[in-house]
Amino acid sequence: MQRFREGNHKSSAVITVRAAPRDRRRAIVSFGGMTVPAALGRSGTTPLKREGDGATPVAAMRVLYGFTRGERVRLPPTALPMKRIRKDMAWCDQPDHPAYNRQVKNPFRSSHEEMMRADGLYDVCLVLDWNITSRKRHRGSAIFFHLIKPGYQPTAGCIAVSLTDMKRLIRFMRRGTVVRVLG
């Protein structure tokens, strides 16, 4: 697979994520002539996403905004709204909590993910509109487009790419860019 192809990036408003045929936990991300490898959820993809199933939803999801660890990562210019991660930032993943699938502030008693992670996965973390603008309990939370673990290990249901590839992609992203995951 060609890791990166230059092309006409500005003509494309859709990022396509195709599950790899031999390993459903891996993917190929294509955007405006650019092609990069990625990781998907540990359970592959699913059209019927549920909280905690470890699968990446088969869906077209808009990019809403992103988070960054500005003290650790310097990003190229992007039209995408970015928030700097602080120690008190978390994301609620407790389906019966009123803040389910929302950013919350620590200390937070219910189940949540820390946004300021030691492993660097969220040093660049883009929030996808999965179960956010139209929330339903147990439909899945925190579907992010974030950085990869070494060896392209599977995610908990997100889409992950290398920092180098994220920097290539983010230059052409804006609020509303669609990430289309195909099964």
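Which of the residues that make up region 124-183 are at pLDDT below 95, polar (S, T, N, Q) and farther than 16 Å from Leu48 by Cα?
Passing the criteria: only Thr133.
Which of (1) closer than 17 Å to Ile170 by Cβ; (2) in contact (Cβ under 8 Å) with a residue 24 or more places away in the chain; (3) not aliphatic (A, V, I, L, M); (4) not in a loop (DSSP other than H, G, I, E, B) does Arg72 not meet, given it meets every other one?
(4)
Condition (residue is within 16 Å of the chain's Cα centre (by Cα) and free of Cβ contacts under 8 Å to residues at least 40 places away in the same chain) applied to region 165-183: is it met by at least one residue?
no
Can you give me the number of residues within region 32-48 that are over 21 Å from Lys149 (Cβ atoms) and part of a loop (DSSP other than H, G, I, E, B)?
Selection size over region 32-48: 4.
Residues being closer than 18 Å to Leu121 by Cβ and under 12 Å from the mean Cα position of the chain (by Cα): count how many of those fall in region 57-72.
Here the count works out to 4.
Inspect region 76-84 for any residue being of a type outside the set (Phe, Trp, Tyr), outside any loop (DSSP other than H, G, I, E, B), buried (at least 16 other Cβ atoms within 10 Å of the Cβ) and within 16 Å of the chain's Cα centre (by Cα) and give the result as yes or no.
yes
Among the listed residues Val127, Val104, which satisfies the condition of being part of a strand (DSSP E or B), more than 25 Å from Arg171 (Cα to Cα) and out of contact with any helix residue (DSSP H, G or I) (no Cβ under 9 Å at 6 or more places or on another chain)?
Val104
Since Gly151 meets every condition but one in (1) crowded, with 17+ Cβ neighbours inside 10 Å; (2) of a type outside the set (S, T, N, Q); (3) not in a loop (DSSP other than H, G, I, E, B), which condition does it not meet?
Going through (1) crowded, with 17+ Cβ neighbours inside 10 Å; (2) of a type outside the set (S, T, N, Q); (3) not in a loop (DSSP other than H, G, I, E, B) one by one, Gly151 breaks only (1).
Counting just the residues of region 92-105 that are at negative phi and in contact with a Lys or Arg (Cβ under 7 Å, 6 or more places away or on another chain), which one comes out surrounded by the fewest Cβ atoms within 10 Å (Cβ to Cβ)?
So, considering only residues that are at negative phi and in contact with a Lys or Arg (Cβ under 7 Å, 6 or more places away or on another chain), the one surrounded by the fewest Cβ atoms within 10 Å (Cβ to Cβ) is Asp96.
The values are calculated or read from the model by the stated rules, or taken from the named source; none is laboratory data. Only a predicted model underlies this, so the values are computations on that prediction, with no experimental measurement involved. Note: ideal-geometry Cβ built from the backbone for every residue, glycine included; neighbour counts use all protein chains shown.
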